[in-house]
1. Checking Lys34 against (1) free of Cβ contacts under 8 Å to residues at least 12 places away in the same chain; (2) not in a helix (DSSP H, G or I), only one condition comes out false. Which one?
2. Go through (1) surrounded by fewer than 18 Cβ atoms within 10 Å (Cβ to Cβ); (2) at pLDDT below 85 for Gly185 and report which single condition fails.
3. Since Leu9 meets every condition but one in (1) modelled with pLDDT under 85; (2) in a helix (DSSP H, G or I), which condition does it not meet?
4. Here is a list of conditions, (1) within 20 Å of Asp16 (Cβ to Cβ); (2) at pLDDT below 80; (3) assigned to a helix (DSSP H, G or I); (4) not aliphatic (A, V, I, L, M), and Gln192 meets all of them except one; can you say which number that is?
5. Looking only at residues that are loosely packed, with under 15 Cβ neighbours inside 10 Å and outside any helix (DSSP H, G or I) in segment 98-128, which one is modelled with the highest pLDDT?
6. Mind listing whichever residues of segment 137-167 are in contact (Cβ under 8 Å) with a residue 24 or more places away in the chain, of a type in the set (Gly, Ala, Ser), outside any loop (DSSP other than H, G, I, E, B) and out of contact with any Cys (no Cβ under 7 Å at 6 or more places or on another chain)?
Amino acid sequence: MGIITLLLLAVGLSADAFAVSVCKGLAMSNADIKKCITVGLWFGGFQGLMPFIGYILGIQFETYVQTFAPWIAFALLAYIGGDMIKESLSDEEMEETDTLHVKEMFILAVATSIDALAVGITFALVPVKIATGISAIGNTAASCLMIACTTFILSYIGVKIGAVFGTKYKNKAELAGGVILVLLGIKIIVEQFIK
């Protein structure tokens with residue numbers, strides 16, 4: 001998995017956090033810099049941490065599933081992406097408050113980053129190669145940092161958009177994120193047959 005694929009993956013994973021950030025912004029009477037940074041740090045931090053945890057778990061089972069690795073990666077990405085697409089097409093509205101209490105933000109950060117945990121498992125099965133000369137764990141850590149930074153930026157922007165424009169872009173962002181993840185899963189399978 002190269003840097004362009006990783007960047008697309010980071011944007012796809014960030015879609016849930018972006019959507020929740022928009023909802024947070026909607027509920028805020030004043031989306032100041034401190035609130036935007038707080039939301040960005042919560043979501044970005046967890047989006048970066050969860051794939052690393054998934055990677056550590058994934059390498060424990062790597063030898064047992066190496067033959068099926070691309071198919072497992074495809075299944076995980078297709079499932080996560082499909083679920084995001086389904087949610088984006090749903091009429092259910094998410095109720096949000098303007099509070100940024102630790103308990104609420106922790107729950108939201110975990111809920112929006114569960115898919116990143118599964119993606120981290122795919123990093124063990126389909127290694128990330130950002131830079132040559134760096135170990136697999138170093139490349140994975142750099143990838144997780146890229147995901148965290150992307151999510152931070154999109155979450156920050158999401159709060160601002162929510163405060164200004166409302167829910168207009170929430171479902172579109174989630175739909176785009178889901179499509180990106182499904183396409184990445186397909187790309188992994190196609191690459192197996194091209195080798």
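1. Of everything listed in (1) free of Cβ contacts under 8 Å to residues at least 12 places away in the same chain; (2) not in a helix (DSSP H, G or I), Lys34 misses just condition (2).
2. Of (1) surrounded by fewer than 18 Cβ atoms within 10 Å (Cβ to Cβ); (2) at pLDDT below 85, only one is false for Gly185: (1).
3. (1)
4. Single failed check for Gln192: (1).
5. In the first step, residues of segment 98-128 are kept if they are loosely packed, with under 15 Cβ neighbours inside 10 Å; the result is 98-99, 101-104, 106-107, 110-111, 114.
Now restrict to residues that are outside any helix (DSSP H, G or I): 98-99, 101.
Values: Asp98: 56, Thr99: 65, His101: 79.
Filtering first and then ranking leaves His101.
6. Ala141, Ser143, Ala148, Ser155, Gly158, Ala163
The values are calculated or read from the model by the stated rules, or taken from the named source; none is laboratory data. No experiment lies behind these values; they were computed from the predicted model shown. Cβ atoms come from the backbone with ideal geometry, glycine included; neighbour counts cover every protein chain shown.
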